[in-house]
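Here the structure is laid out as structure tokens; the discussion comes afterwards.
No value in this document is a laboratory result; all are computed from the given coordinates. None of the values given here were measured: they were computed from a predicted structure. Neighbour counts are summed over all protein chains in view; Cβ atoms, including those assigned to glycine, are modelled from backbone coordinates with ideal geometry.
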Amino acid sequence: QVQLVESGGGLVQAGGSLRLSCAASGNIFTVYAMAWYRQAPGKQRELVAAITGTGITNYADSVKGRFTISRDNAKNTVDLQMNSLKPEDTAVYYCYDRIRSSTGSVTDYWGQGTQVTVSS
């Protein structure tokens, strides 16, 4: 099985920065797309940033210019650098990986979520 473990969440004042990290382990042959999602109370989970296996990135309009997603294929990690944080960034952030196993099956995996709280 594959497990995604997130770290780096916490409480920060508006204008501050946080860096989230996600490490994948288990039966991993290839990691395709990697992404960060977030879900605020009472709202649907939304895509924050995504990165393909070739390094092409996509960001939600609300975080463009403030957040940066990056990946390390050798370590099977994906990070989210969050700068100029705003109270509306407060949410549980979830790591997402699309992973091909050694047997060829492709599965989407999610981390357990890490809380990011931005105070005004």
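Odds and ends about this structure:
- Over the chain, Cα pairs under 8 Å with separation of 6+ residues give a relative contact order of 36 percent.
- DSSP beta bridges confined to the chain are antiparallel in about 90 percent of cases.
- Inter-site label distance for Ser17 and Lys64 at 7 Å from Cα along Cβ, in nm: 2.2 nm
- Glu46-Gln112 pseudo-label distance in nm [points 7 Å out on the Cα-to-Cβ vector]: 2.7 nm
- A straight chain from Asp72 to Val2 at 0.36 nm per residue would run longer than the Cα-Cα distance by 23.5 nm.
- Residues of type aspartates and glutamates that Lys43 reaches as a straight line, Cα spacing below 20 Å, ignoring anything fewer than 8 places off in the same chain: Asp61, Glu88, Asp89
- If you bin all the Cα-Cα distances of the stretch 1-60 at 10 Å, starting from zero, the percentages per bin are 17, 43, 33, 7.
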